[in-house]
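This report concerns only the one structure given below.
The values are calculated or read from the model by the stated rules, or taken from the named source; none is laboratory data. Quick caveat: nothing in here was measured; it's all calculated off a predicted structure. With ideal geometry, Cβ positions are generated from the backbone for all residues, glycine too; neighbour counts draw on all protein chains shown. Protein only, heavy atoms only, side chains kept; ligands, DNA and RNA dropped before computing areas. Shrake-Rupley method; radii C 1.70, N 1.55, O 1.52, S 1.80 Å.
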Amino acid sequence: VVMISVDAERDSAPALKEFLGHFSSEFTGLTGDPQRIHEIARQFSAAFFKGDATPTTGEYLVGHSGQVFAVDKTGNLRAEFYDASIEAMAGVTRALLRE
């Protein structure tokens, strides 16, 4: 599993590692240049936005779509999940791993 963060300002490599460690030590977190992240998101039709910072704390929210994408070994998008069950995602993942 690879998760690409859309908030490079807050999601450092250590922060991503800690967050993903709650799920599996085998998950990988990526982030990078905001322009490149926008390009990747656009390729997958994944929407996200950064809210306005509060004047007192500077805190902001990041909203994003909730898709999960399954990409095969050659980098081709093979499935896109919205509110799918774990069983459905696991089934597709197993099928892709068998290829």
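Over the Cα atoms of the chain, what is the Rg over Rh ratio if Rh follows Kirkwood?
On the way: Rg = 15.2 Å, Rh = 15.2 Å.
When Rh is taken as the Kirkwood radius, the ratio is 1.00.
What is the extension gain from Glu87 to His64, computed as 0.36 nm multiplied by their sequence separation minus the C-alpha to C-alpha distance, in nm to one decimal? Let's see the in-between values first.
Working: separation 23, 0.36 × 23 = 8.28 nm, distance 2.35 nm.
Result: 5.9 nm gained on full extension.
Restricting to Cα pairs below 8 Å that are 6+ residues apart, what does the relative contact order work out to for the chain? Please round to a whole percent.
It rounds to 17 percent for the chain.
Put a dot 7 Å past the Cα of Leu97, heading toward its Cβ, do the same for Gln43, and the two dots end up 2.4 nm apart. Loop-located GluC sites (Glu not before Pro) across the stretch 1-68 with a Cβ neighbour count of 12 or fewer within 10 Å are Glu9, Glu26, Glu59, with loop assigned by DSSP.
Rolling a 1.4 Å probe over the heavy atoms of the protein chains gives the chain an accessible area of 76 Å² per residue. Taking amide H as placed 1.01 Å from N in the peptide plane, the amide H of Leu30 sits under 5 Å from that of Met3, Ile4, Ser5, each at least 5 places away or on another chain.
Beta-bridge orientation, the chain: approximately 70 percent antiparallel, per DSSP, counting only bridges with both partners inside. For helix 34-43, report the angle its Cα long axis makes with the longest principal axis of the Cα atoms of the chain; keep it between 0 and 90° and round to the nearest 10°. So the helix axis and the longest Cα principal axis differ by about 40 degrees.
Charges were assigned to the Cβ only: +1 to each Lys and Arg, -1 to each Asp and Glu. The resulting dipole of the stretch 38-93 about its Cα centre is roughly 180 debye.
For the stretch 45-62, 3J(HN,Hα) computed residue by residue from phi via the Karplus equation (6.51, -1.76, 1.60; θ = phi - 60°) reads 6, 9, 9, 7, 8, 9, x, 6, 6, 6, x, 7, 10, x, 5, 9, 9, 10 Hz, glycine and proline entered as x. Taking the dipole about the Cα centre of the chain, with the C-beta of Lys and Arg at +1 and of Asp and Glu at -1, give me whichever of Gln67, Phe19, Val1 is farthest to the positive side. The listed residue farthest towards the positive side: Val1. If Lys and Arg each add +1 and Asp and Glu each add -1, what is the summed charge of the other residues whose beta carbon sits under 13 Å from the beta carbon of Val71? My count for the surroundings of Val71 gives -1. Applying both filters, DSSP loop and at most 11 other Cβ atoms within 10 Å, to the chymotrypsin sites (Phe, Trp or Tyr not before Pro) of the stretch 1-36 gives Phe23.
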